[in-house]
Amino acid sequence: MSIRTKNRRKITVKGILYIWYIEMDHDSQYYLLNIISEDKNLVLSVPLHTKTPYIISKGNMFQNEKTNGLWNRYLLPIVIPDIITPQTVSDIIKWAVSETDAVIAKWNGKDIPV
């Protein structure tokens with residue numbers, strides 16, 4: 001099954017196609033930057049304008065490791081600007097795919113609200 005691309009942006013990083021888009025989270029007041037690889041192994045959400053920058057991994061892989069299939073939250077070492085650009089998305093993808101320094105963030109509903 002393919003990924004819906006209507007009204008979404010495409011970006012290729014290291015030869016892999018990703019779809020990215022921003023939408024309002026249905027369960028909170030935050031907008032989410034969503035990034036999905038074409039094969040759906042990497043599925044990421046970044047809540048925007050939060051007190052503590054973090055990323056939610058929802059896919060099968062994260063930083064070259066198989067995940068447990070649950071929503072895992074990690075502190076994001078990348079500064080998220082007010083305006084999301086393809087360069088920002090590319091930096092997030094490269095970190096989420098190639099690096100190994102992710103620090104788990106415990107959900108607390110305040111600093112980590114989503």
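Structure notes:
- Links that overshoot a 28 Å alpha carbon limit, given the list Lys14/Lys106; Lys10/Lys106; Lys14/Lys110; Lys6/Lys94: Lys14/Lys106; Lys10/Lys106; Lys14/Lys110
- Dividing the alpha-carbon radius of gyration of the chain by the rule-of-thumb value 2.2 N^0.38 Å gives 0.99.
- Summarised as an ellipsoid, the stretch 1-56 has semi-axes of 22, 13, 9 Å, derived from the eigenvalues of the Cα gyration tensor scaled by 5 and square-rooted, with the largest first.
- Per-peptide average of other Cβ atoms within 10 Å, ordering 41-50, 77-86 highest first: 41-50, 77-86
- Solvent-accessible surface of the chain, taken per residue with a 1.4 Å probe and all protein chains present: 62 Å².
- Of the accessible area of the chain, computed with a 1.4 Å probe over protein heavy atoms only, carbon and sulfur atoms account for 52 percent.
- Structure-based [θ]222 nm, the chain - -39500 (n - 2.57) summed over DSSP H runs of at least 4, per residue, nearest 500: -3500 deg cm²/dmol
- Set of the stretch 85-114 residues, backbone N closer than 12 Å to the point 7 Å along the Cα-Cβ line of Tyr30: 105-114
- For the peptides 62-68, 90-96, the ranking by mean Cβ contacts within 10 Å, running from highest to lowest, is 90-96, 62-68.
- Estimated at 0.36 nm per residue, the fully extended path between Gln63 and Trp107 surpasses their Cα-Cα distance by 13.8 nm.
- Surface accessible to a 1.4 Å probe, Leu70 within the full protein complex, Å²: 110 Å²
The values are calculated or read from the model by the stated rules, or taken from the named source; none is laboratory data. Quick caveat: nothing in here was measured; it's all calculated off a predicted structure. When we count neighbours, we look across all protein chains shown, and the Cβ atoms used for this are built from the backbone with ideal geometry, even at glycine. What goes into the accessible areas is simple: the full protein's heavy atoms, side chains included, and nothing from ligands, DNA or RNA. Shrake-Rupley method; radii C 1.70, N 1.55, O 1.52, S 1.80 Å.
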